[in-house]
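Every number in this text was worked out from the coordinates using simple rules, so none of it is lab data. Not measured: the values here are computed from a predicted model. FYI the Cβ positions are ideal-geometry reconstructions off the backbone, even for glycines, and counts take in every protein chain you see.
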Amino acid sequence: MVFGDGSEAFKGVGAPSLKSEVSVSSNTNRVILDSQELNAASTAFNLCCAEAYARFTELKRLKVHPGHMTAERDAVESCSAGVYNGIQSSCVAQYEAVKSCLSDNPDEWAKCASARRELDVCTVKNKLGELKEL
């Protein structure tokens, strides 16, 4: 499989050496979210980090050893952190509305579709994540 940027996915042979596959992203590029926060931002992550998520998912589908996916994992973490930080600075009202709606309707998420759509529109308008490159 060849990705849009010309790089190729490949299956690793055996387990990688931990020394050679250390994560290149720093802890400052990571955010830790609880399940409510992650759920509220999930569609924004999918919209704004589509390429990074697709690359990582494709390598998982090919059953590449996780130790050989460090760069892809770091790209997903970094993009997601950037989107989350962008949401906090540009779309916080929409994000809080989604969290509140999901909390109030734990078994009826469809009721939150319009709030989620507003958050998604805000993230796209503000060109968060990979959208800033377009």
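Points worth noting:
- For K132, net neighbour charge (Lys/Arg +1, Asp/Glu -1) across residues whose Cβ lies under 14 Å away: -1
- Sites E133 and S90, calculated FRET efficiency, Cβ-Cβ separation with R0 22 Å, nearest 0.05: 0.80
- Cα centroid separation - segment 114-133 against segment 34-76, whole Å: 18
- Table column - 3J(HN,Hα) (Hz), segment 92-102, Karplus curve with 6.51, -1.76, 1.60, x for Gly and Pro: 5, 5, 5, 5, 5, 5, 5, 4, 5, 4, 5
- Pairs of lysine residues in segment 32-131 that meet both criteria, 8 or more places apart or on different chains and Cα atoms under 30 Å apart, total 7.
- Environment charge of A44, counting only residues whose C-beta is closer than 9 Å and scoring Lys/Arg +1, Asp/Glu -1: 0
- Under Karplus coefficients 6.51, -1.76 and 1.60, residue-wise ³J(HN,Hα) of segment 31-40 in Hz, glycine/proline x: 10, 10, 10, 7, 4, 5, 5, 5, 5, 4
- Residue-count net charge about R30 - beta-carbon cut-off 10 Å; Lys, Arg +1, Asp, Glu -1: -2
- Residue order, fewest to most surrounding Cβ atoms within 10 angstrom, among S80, S35: S35, S80
- In order along segment 70-80, phi translates into HN-Hα couplings of 4, 5, 5, 5, 4, 5, 5, 5, 5, 5, 4 Hz, rounded to whole numbers, per the Karplus curve 6.51 cos²θ - 1.76 cosθ + 1.60 with θ = phi - 60° and x for Gly and Pro.
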